[in-house]
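Written below as C-alpha cells is the structure these notes are about.
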Amino acid sequence: MDSAIAKVADAGLSSLFQAMFDTLTPNFLQSLGFLFGGVEGEAHKLKETLSRIQALLNDAEARQIKDESVRLWLRELKDAAYDAEDIVDEVEYQVLLRPKIEGAQMQTRKRKLTDSVSDFASSSSSNLKLGPRIKEIRERLEEIERRSNHLHLKAMLESERLVPGKRHPTSSIIDESIVFGREADREKVVGLLTSDDDSSAANSGIQVVPICGMGGLGKTTLAQLAYKDERVVKHFEVKVWIYVSEDFDLMRLTRAIAESVVPGSNPHLTNLDAIQVSIMEALKEKRFLLVLDDVWTEDFDDWHKLMFGARGSRILVTTRSRRVSSNMGTVTTHFLQGLSYDDCWSLFKRRAFVDGDSDANPDLVKIGKEIVNKCNGLPLAVKTLGGLLCSVVDVVRWEKILKSEIWDLPEERNDILPALRLSYHHLPPHLKRCFAYCACLINKGWDGVGGNELILKWMAQGFIQPKKGTSEQMEDIGMEYLADLVSRSLLNCEEDEDTDEGLCYTMHDLTHDLARSVLGADFWKIGDEKLHGNNAEKARYMSDVCFDGTSYSFDDFYCLKNLRALSLFQTENIPAALFIKLRHIRTLYLDECYITELPESIGDLLQLRCLHLSYCTPIERLPKSTTRLYNLQTLVLKSCGELVEVPESIGDLLQLRYLDLSHCTNIERLPESTTRLYNLQTLILRSCQKLVEVPESIGDLLQLRYLDLSGMKIERLPESTTRLYNLQTLDLSECWGLVELPSDLSNLVNLRHLSNPSLVSILSRIGTLKGLQTLGHFNVGKEIGRGINELKDLIHLRGYLCISELENVVNVEEAKEAQLKTKQKIDCLELQWKCDSVESRQEGIEEEVLNALEPHTNLKELEIEGYCGVRFPTWLGDSSFSKLTHVRLRKCRCRLLPPFGRLPSLQHLTLNDLHELKKVGREFYGDGTMTGFPPLEKLSFDSMPDLEELSGLESDIRHIREIVISNCTKLSLSSLRYLTSLSRLEIRDCSNITSLGNGLQHLTSLQSLVIAYCPELTSLTCLPKGLQRLLLKRCPKIHSLPEEPSTTLSHLRISMFPNITSLPNGLQHLTSLQSLEIVYCPELTSLTNVDLPATLDDGLGNSNYSNPTCLPKGLQKLTLEYCPKISSLPEELLTTLRSLYIKKCPLLEEKYLVVAEGGNGYRCKISDIPNITFEGYYYKGVGWFG
C-alpha cells in the first residue's frame, strides 16, 4: 500500500488549498476580527502561507512519481493541510454563530436578563484557543515550506504543469494472435471507416470516427485491428498512424503526417503553412486515413487543422474523454465495452500458460478463473496479471496475485495502475478529491449511487467550489463535476428506477481501486488495523460499518479522531462519547439503526454538513442540540416512521440546503421557523400523510428549487407558493385531495417539472410555463386557458405525456395549435377520449382532431383510448415512425385497423376492448410492399368479443414470439397454426373454447402455454412436443393430461381448481417434469391417484416398477399452497425432492413440524430434502434451487 500512497500523495491538495482561500475572504477576516481580537491577523498570515505553498504544488505533483523525497514532503503537507482546514472550519462556524449570538444579546438587553448564550460568546474564543491554534498550524506549514527549498521546488502555473507517467508511444503494429473478442467491434469500426455515406461529414467530406472508453479497455488495439484490416487497406490510398498523447502539438503532428506522405520531407521545417500545403498537394484526390491515438485535447480548432485528403477520407480517434469524442466526432461514437468472461479467459490462458495450454495445470485453472473474474472485463488487467504469472506453476504465487490489490503488484511489471493513474493526473484539482472520495461512496459489486447523493456528500466534505463571478448553485456545479467524471470514463452513468433522478453512478472495479489507492492513508477499514499500522490519526474516511451480527465495538472508532465521514448500519445505540471523540465528522450516515434517540453530544459536531438518518424507525425526536449544527447543509430523515416532530428552532440551520422528511408518517406539522431556511433548495415531504397543510409562508423560501409534496393529504397550496420564482420541480402526484391551487402559477417561470394526474384539471394557462419539460398529464377543458392549444409554446416537453378528455376539443384548429409534431423529445404519448360521452360527440370531428395531433417521428410508445372515429389517420402506421416500439389501442370503436405492419420497429402491439372489430385482415399488415411487423415480439388481443378471424398469419407475422388472447369468445385458435416461431401463448377468459383442437401441435417452437379461466375447456390433447412450461388456472372441466409422454415439459402449475379432489390423470407420463406447483385446490385430499395401476413401466423396460403416487419419478421441486385437506406427502417424494415449499396447508404443518426445544420456533421431521420452507414457520436452505 505504501508505494501506491506515495505515487499519488497530492490527493487534490490544490483543491483543498483553494477551498481555504475561498473561505478566508477579506469580509470573512473582518468579521473574525470583530468577533475575536487578535485572530484576524493570524488568519491573514495563514492565508499568505497557504498561497506561497500552493504555487509549489504543480511542480511537486509532477515530480512525485519518481522522487520519493517529494512524495514524503507532499504526504506531510497533506496532513498539515487537513488540520489547517479543520481549524478554518471551526473559525467559519464561529462566524456563522455571530447572528445567533447578536440576536440573543439583543433579547437579553430587552429583558434585562443574563443569557448563557452571551457567556458562550465571550468565552468561545478562549475556549477554542483560535489564535494560538492558527499560529501553530501556520508555523507548521511554514516549516514544511522551508523544507521545499532543499527539494528545489519551484512555483509553476497550471498551464506549465507536466503530467507524470506518460504512456509509451504506440504504432500500428499488432499481433492479432493475442487479441480476443473484438470481432464485432472491428466490424463496426471498419464499416464506419469504409462507408460511402458522407452525409454527416464536414464540408470537406471527411468524417471523424471516435473510439471512446476508459484506460486499458483496448481502444488502441481496436484501432490497430481496423488499420490493418484488408478492407481498410484497399479503401484508402494513404494511411498514417500518429500517437498524440497529452501534448497536442500541431506542428509536431503536422510534421509527422508530412514525414509519411510527402517524399523527401524535411523534418526540421518550421513553416506550418508550407508543411500543410505540401501535405494537401501530396494527398490531392486521394482517400486518406489518419489515426490519432490517445487524444486528450478538447479544442476543436487544434485537430480540425489536420483534416487532409479527398472526400471519403477519415480520421480515426481513440480517447478516454467523451467530450473529445463529442467535439471531434462526425459520426456516432463507438463506446468500447469490456470483454466477455470467456474472451478474458482465452486471453489470460494465452499469457499465463505455456502455449496457452491450461490442461497441464488443473490446480491453477480455478485460481486463474477467479483472477480473470477480478479483472471485470478489462483486457489490460487480464494481460498484465497473465504476464506476471507467465510460466509460473507455484500455486502459492498464483494465490498471492489473486489476493493482491493492484497497488501491491510489482511496479516494474504493472501496467494497470500507471495507465489508470494517467486519467487521475489529468483531472483538474477540484475533481481529484471528488473522484478519490467516490471509493468511499460507491461499493464494488453493489448497485450504483444516485447523482444527488454523491453531490450532497461532496458538498458536505467541502469539495465543490463556487465559481467566481457567478451565482451558479453548488448543486449545479456538482452536476457538472459528475458529467466531467463520466466524460473522462472514470464514472459510469446507468439507468436506475430506484433513484429520484432515474440514473445512478458506478465505477469499474479497477477504477475503484485507483480511487482507493489515491486515498491512501486517508482511508481506514475497520478490522484491518494491522494493515494500517499506527496511522489511525491520519485517517479521514472509513468503510461502512454494519453492526448486524458483528463483533464491532465503538471503542474501535475512538482512535480515529480526525475522521470526516462515518457510516453506521443497524446499530442499536450511539454512545455520547462517539461524537465527542470524533468531532471533525462532516458526513454522518445512520441507516436502518434501531436507536430511539441521538445523544445531545451530536451538537458538538461543529463541522457536520450532512446528517442522514434513513429508516431509523424507532427514533421519535431529534436532540435540541441538533439546531446548533450551523454548518449543516443536508438533513435526511427518510422513513423515520415514529418521528413525531421536527425541532421548533430548525430555522436556525441557515446553511441547510436539503431537507428530506419523506415517509415520516407521524409528523403532523412543520415549525413556522422552517420557512426561515433561506438557503433551502430541496424540500421533500413525500407521503407525510398526517401533514395536511403546508406552511402559509412557504413562499419565503426563495431559493427553493425542488418541492415534493407527493402522497400528502393536502387540499390546497398556499398563495405564497407563487413567489417561489426559482422552483424547478413541483411534485404533487398522488395528492388526490388537492382541490385548490394559487390563482396564478405563471410566476413560476423556472418550473421545469410538474407532476400530478389530477392537477391540470384545476390549473389554467399552463402554456405560460414555457420552460416546462415534464407535465405528465394534461386534461383538456372547455374554459379559456384550459384548451389543448395551451400546449403550443411548451416546446421543451419530454418523456411521457397523457392528453385526456379530448372530447372537449371541438375546434380542429386548436388541436393543430398544440403542435405535437414539433415536440421532438416526447417519446411516450397517450391520447384519451372519455368513453361514456360518445352520443354527445360531433360526428367526424375526432378523425380531424387525431389527424391534427400527429406527434414527432421520435415517438417510441403510443396509446389511443376511447377514439370513435370511423378510420384512423394516415400517420398512424407510417413507416417514418421508425422508433415506435409499443402501440396500444383501447376502447376504440373501429372496424378497420391501421396498417401497423409498416412500422419498422414495432415490438409490442396491444388491442384492447375493440368491440366492433370482427376481422383482422391484410390491411392490418401493410400494403404488401414489405413483410409486416419485422421485429414484432408480442401481440395481445384483449376483450374483443366480436373478433372472429385472424387472416394473413401464414406469411406476415409468422415470426412473432408471444401472443395473448383474452376474452375473445368468438375467435378460433385454428389460425395460430402458422406461427411456427411462437414461444409463448396465453389464452384467458375464452368461454367458447372446449378443446385446443389440433392447431397447437404445429407450434414447434412453443415453450410456454398459459390457459386460464376457460370454464368449458375439457381436453388438453395435441400439445406441442417442445412445450416446457404449462400453467392451468381455473379450468374446472380438465380432468386429465395428455396420455402421450412428454419429454420436454419441466414445469407445471395447477391453480384455482376449487372442486377437484384428485390430480388429473396423466401426470405420471410427464417424465421430464421437475417442478410442480399446486395452488388453491381446497378439496384436493391426496397426491395419490387412486385409479393408477399398481405397476408401471419405468421407461427402462422394468414393468414391475412400483410408484404409488401419480407424480413422475424425476420431480425435483414441489410447491403446495392453500391445499388445506392434503394430510401427507408420498414417502418416495421425501427422499427424491430437492425443494419443498408449503403455505397454508395446516394438516401438512401439523404432520411434519414440531415445536423446537425451548419453545423457540419449529423443527421439521423431513430430513432428506435440502431446501424446505413452511411459510411463516420454518425454513432450511443450502442455496437457491431454480
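Might you check whether a residue that is surrounded by 15 or more Cβ atoms within 10 Å (Cβ to Cβ) and modelled with pLDDT of 90 or more occurs anywhere in segment 1095-1106?
Scanning segment 1095-1106 turns up no residue that is surrounded by 15 or more Cβ atoms within 10 Å (Cβ to Cβ) and modelled with pLDDT of 90 or more.
Would you tally the residues in segment 775-821 being basic (Lys, Arg) and touching a Gly at 6+ places or on another chain (Cβ under 7 Å)?
Counting residues in segment 775-821 that are basic (Lys, Arg) and touching a Gly at 6+ places or on another chain (Cβ under 7 Å) gives 1.
If SER625 satisfies every condition in (1) in contact with a strand residue (DSSP E or B) (Cβ under 9 Å, 6 or more places away or on another chain); (2) under 17 Å from LEU96 (Cβ atoms) but one, which is the exception?
For SER625, the failing item is (1).
So, in segment 211-229, exactly how many residues are within 16 Å of THR194 (Cα to Cα) and not in a loop (DSSP other than H, G, I, E, B)?
Step one: filter segment 211-229 for residues within 16 Å of THR194 (Cα to Cα), giving 211, 222-229.
Now restrict to residues that are not in a loop (DSSP other than H, G, I, E, B): 211, 222-228.
Result for segment 211-229: 8.
Which one is farthest from the chain's Cα centre (by Cα), of the residues in segment 1130-1186 that are in a strand (DSSP E or B) and at pLDDT below 85?
Among residues in segment 1130-1186 that are in a strand (DSSP E or B) and at pLDDT below 85, the one farthest from the chain's Cα centre (by Cα) is VAL1155.
Residue pairs, Cβ under 6 Å, 6 or more apart or interchain, first in segment 597-610 and closer than 15 Å to TYR630 by Cα, second among the acidic types (Asp, Glu). List them.
GLN607/ASP89
Among the helices (runs of 4 or more DSSP H) lying completely within segment 417-492, list those that include at least 1 residues that are crowded, with 22+ Cβ neighbours inside 10 Å and in contact with an Asp or Glu (Cβ under 8 Å, 6 or more places away or on another chain).
On the way: elements: 429-441, 451-460, 474-487.
So the answer is 429-441, 451-460.
Can you name the residue in segment 922-931 that is loosely packed, with under 15 Cβ neighbours inside 10 Å and under 20 Å from ARG961 (Cα atoms) and is also modelled with the highest pLDDT among such residues?
Ranking the candidates gives THR931 first.
So, restricting to helices (runs of 4 or more DSSP H) that lie completely within segment 230-292, which ones have at least 1 residues that are of a type in the set (Gly, Ala, Ser) and under 21 Å from THR319 (Cβ atoms)?
Values: elements: 230-235, 250-261, 272-282.
Ranges flagged: 250-261.
Identify the residue in segment 626-651 that is among the β-branched types (Val, Ile, Thr) and assigned to a loop (DSSP other than H, G, I, E, B) and, among all such residues, is surrounded by the fewest Cβ atoms within 10 Å (Cβ to Cβ).
Filtering first and then ranking leaves VAL644.
Test of understanding: among VAL870, VAL810, which residue is β-branched (Val, Ile, Thr), without any contact (Cβ under 8 Å) to a residue 40 or more places away in the chain and touching a Cys at 6+ places or on another chain (Cβ under 8 Å)?
Numbers: VAL810 fails: touching a Cys at 6+ places or on another chain (Cβ under 8 Å).
The conditions single out VAL870.
Restricting to segment 781-807, name every residue that is crowded, with 19+ Cβ neighbours inside 10 Å, in a loop (DSSP other than H, G, I, E, B) and over 35 Å from the mean Cα position of the chain (by Cα).
ARG786, GLY787, GLU805
State whether one or more residues within segment 318-332 are under 24 Å from LYS239 (Cβ atoms), in a strand (DSSP E or B) and touching a Gly at 6+ places or on another chain (Cβ under 9 Å). Steps first, answer last, please.
Taking segment 318-332 as the starting set, the residues that turn out to be under 24 Å from LYS239 (Cβ atoms) are 318-320, 324-325, 327-332.
Then drop every residue that is not in a strand (DSSP E or B), which leaves 318-319.
Restricting the remaining residues to those that are touching a Gly at 6+ places or on another chain (Cβ under 9 Å) gives 318-319.
Yes: one or more hits.
Pick from segment 899-921 the residues that are within 24 Å of ILE826 (Cα to Cα) and surrounded by 22 or more Cβ atoms within 10 Å (Cβ to Cβ): which of them is modelled with the lowest pLDDT? Before the answer, list the steps.
Here is the first cut: in segment 899-921, the residues within 24 Å of ILE826 (Cα to Cα) are 899-912.
Filter again for surrounded by 22 or more Cβ atoms within 10 Å (Cβ to Cβ), leaving 900-901, 903, 906, 909, 911.
Values: PHE900: 86, GLY901: 83, LEU903: 87, LEU906: 89, LEU909: 92, LEU911: 93.
Going through the qualifying residues, I end up with GLY901.
Suppose the filter is closer than 24 Å to CYS688 by Cα, within 34 Å of the chain's Cα centre (by Cα) and surrounded by fewer than 18 Cβ atoms within 10 Å (Cβ to Cβ); does LYS770 pass it?
Details: closer than 24 Å to CYS688 by Cα: no; within 34 Å of the chain's Cα centre (by Cα): yes; surrounded by fewer than 18 Cβ atoms within 10 Å (Cβ to Cβ): yes.
No; evaluated as a whole, the condition is false for this residue.
Can you name every residue in segment 339-366 that is in a helix (DSSP H, G or I), under 28 Å from GLY213 (Cβ atoms) and aliphatic (A, V, I, L, M)?
Passing the criteria: LEU347, ALA352.
Test each condition in (1) buried (at least 23 other Cβ atoms within 10 Å of the Cβ); (2) free of Cβ contacts under 8 Å to residues at least 12 places away in the same chain for VAL295 and report the one that comes out false.
For VAL295, the failing item is (2).
Starting from residues that are under 17 Å from CYS892 (Cβ atoms) and among the acidic types (Asp, Glu), keep the ones in segment 814-844 and report whichever is modelled with the highest pLDDT.
GLU830
All but one of (1) surrounded by fewer than 22 Cβ atoms within 10 Å (Cβ to Cβ); (2) within 18 Å of GLY377 (Cα to Cα); (3) at pLDDT below 75 hold for ASP496; which doesn't?
The one condition ASP496 does not meet is (2).
Give the residues of segment 850-887 that are within 15 Å of ILE803 (Cβ to Cβ) and charged (D, E, K, R), sorted by residue number.
GLU854, GLU861, GLU863, GLU865
Any residue at all in segment 307-316 that's surrounded by fewer than 23 Cβ atoms within 10 Å (Cβ to Cβ) and either assigned to a strand (DSSP E or B) or without any contact (Cβ under 8 Å) to a residue 60 or more places away in the chain (or both)?
No, every residue in segment 307-316 fails to be surrounded by fewer than 23 Cβ atoms within 10 Å (Cβ to Cβ) and either assigned to a strand (DSSP E or B) or without any contact (Cβ under 8 Å) to a residue 60 or more places away in the chain (or both).
For ASP591, indicate whether it is free of Cβ contacts under 8 Å to residues at least 12 places away in the same chain and closer than 22 Å to ILE526 by Cα.
In short, no.
Residue under question is VAL395, and the condition is that it be closer than 23 Å to LEU222 by Cβ, among the β-branched types (Val, Ile, Thr) and not assigned by TED's automatic domain parsing to the domain that holds GLY218; does it hold?
So VAL395 fails the test.
Select from segment 367-379 the residues that are in contact with a Leu (Cβ under 6 Å, 6 or more places away or on another chain) and not in a helix (DSSP H, G or I) and write down the one among them that is surrounded by the most Cβ atoms within 10 Å (Cβ to Cβ).
Within segment 367-379, the match that is surrounded by the most Cβ atoms within 10 Å (Cβ to Cβ) is LEU378.
Would you be able to tell me the number of residues in segment 582-625 that are of a type in the set (Phe, Trp, Tyr) and assigned to a loop (DSSP other than H, G, I, E, B)?
Residues flagged as of a type in the set (Phe, Trp, Tyr) and assigned to a loop (DSSP other than H, G, I, E, B) within segment 582-625 amount to 2.
Within segment 58-71, track down each residue that is surrounded by fewer than 23 Cβ atoms within 10 Å (Cβ to Cβ) and at pLDDT 85 or above.
SER69
Just give me the residues in segment 79-104 being at pLDDT 70 or above and acidic (Asp, Glu), in sequence order.
ASP79, ASP83, GLU85, ASP86, ASP89, GLU90, GLU92
Taking segment 195-233 as the search range and keeping residues that are modelled with pLDDT of 90 or more and over 35 Å from the mean Cα position of the chain (by Cα), which one is surrounded by the most Cβ atoms within 10 Å (Cβ to Cβ)?
Residue satisfying both the conditions and the ranking: TYR227.
Checking SER346 against (1) in the same structural domain as PHE180 (by TED's automatic domain parsing); (2) within 27 Å of ASN492 (Cα to Cα); (3) touching a helix residue (DSSP H, G or I) at 6+ places or on another chain (Cβ under 9 Å): exactly one of these is not met. Which one?
(1)
The values are calculated or read from the model by the stated rules, or taken from the named source; none is laboratory data. Owing to the predicted nature of the structure, the values given are computational and were not obtained by experimental measurement. Using ideal geometry, Cβ is built from the backbone for each residue, glycine included, and neighbour counts are taken over all protein chains shown.
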